[in-house]
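Beneath this line is the structure, given in structure tokens, with notes to follow.
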Amino acid sequence: MTDFPPPAPGYIAQPYAPRAVRPPLTARAKRGAAIAGAVGFLLLGLGYAMASLAVGLALIVAFFALIVRAASGSGTRTNAGFEQFVSGLDITAWVAPLVAIVIVGIVLMVVAIVVSGRVLAAHRVRRPWAVTWAGAGIAVVASWIVYGILGTFLNLALSGFRWDSPSWGSGLVVALIVSAVVGLASNAVLGWLSWWWMAHAMRPATVTDPSSGFVPIVPRA
């Protein structure tokens, strides 16, 4: 055993306090965070997109129908073609599909949270549910920034799009497919990084061996 010299006059020796350190994530935990983040936020974004799209479409159809009914009831003349188009929209026929899409979207979001928590727990990630919720919150905020940048580039690309071209339909379909693929890939990457960050921040701490440290010397009060 090592004998330390006595403290200098006017100083007192304090007992050694073990220091807590955070070791790096294990390879298993990193892999679990990557899988949970990529799959979880991908499903979460897809479910939210389905639910919000269905609700938004229902509100638009109801809004147009309300305008036509209000105009017809007040005797105001509207565009005949527009009125015929809106009157041909059978709202009752839209209810069941839209409700089904909303339910599927909500189920996907719930499945995303559950799958993320289970994958993290299976890979020995500390506090899997806290990592899931914190990672989802960070990924959502980051997606607003990323989608804003991607939307700017998409608008610039569509600004030079010729709608009078005979092939405008196929070009628009290609643009939408590319946008969807880029959006899904962005969700997967953002989920992976956000989940890994939270798993890293919440990783467990270990205490160093007291016998391996020195006795700190502090001035006498």
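Our coupling estimate for the stretch 104-110, obtained by passing each phi through the Karplus curve with A = 6.51, B = -1.76, C = 1.60 and θ = phi - 60°, is 4, x, 5, 4, 4, 5, 5 Hz, Gly and Pro reported as x. Peptides 177-186, 127-136, 26-35 ranked from most to least packed, by the mean per-residue count of other Cβ atoms within 10 Å: 127-136, 26-35, 177-186. Here the label points at residue 152 and residue 21, each 7 Å from Cα along the C-beta direction, are separated by 4.3 nm in the simple model.
Across the stretch 186-204, the residues whose backbone nitrogen lies under 18 Å from the label position 7 Å along the beta-carbon direction of residue 30 are 189-204. Can you tally the net charge around residue 123? Count Lys and Arg as +1, Asp and Glu as -1, for every other residue whose Cβ sits under 9 Å from the Cβ of residue 123. With Lys, Arg at +1 and Asp, Glu at -1, the neighbours total +4. Residue by residue, the stretch 52-60 carries 3J(HN,Hα) couplings of 5, 5, 5, 5, x, 5, 5, 5, 5 Hz when phi is fed to the Karplus relation 6.51 cos²θ - 1.76 cosθ + 1.60 (θ = phi - 60°); x denotes Gly or Pro.
Backbone geometry of the stretch 122-127 corresponds, through the Karplus equation with coefficients 6.51, -1.76 and 1.60 at θ = phi - 60°, to 3J(HN,Hα) couplings of 5, 9, 6, 8, 5, 6 Hz, x marking Gly and Pro.
For the listed peptides 193-199, 138-144, a ranking on the average number of other beta carbons within 10 Å per residue, highest first, reads 193-199, 138-144. Each label was represented as a point 7 Å from its Cα along the Cα-to-Cβ direction; for residue 180 and residue 60 these points are 1.6 nm apart.
Given R0 = 30 Å, the distance between the Cβ atoms of residue 170 and residue 141 translates into a calculated FRET efficiency of 0.25.
Every read-out reported here was derived from the displayed coordinates using simple, explicitly stated rules and does not represent laboratory data. None of these values were measured; they are calculated from a predicted model. Every residue, glycine among them, receives a Cβ derived from its backbone with ideal geometry; neighbour counts consider all protein chains shown.
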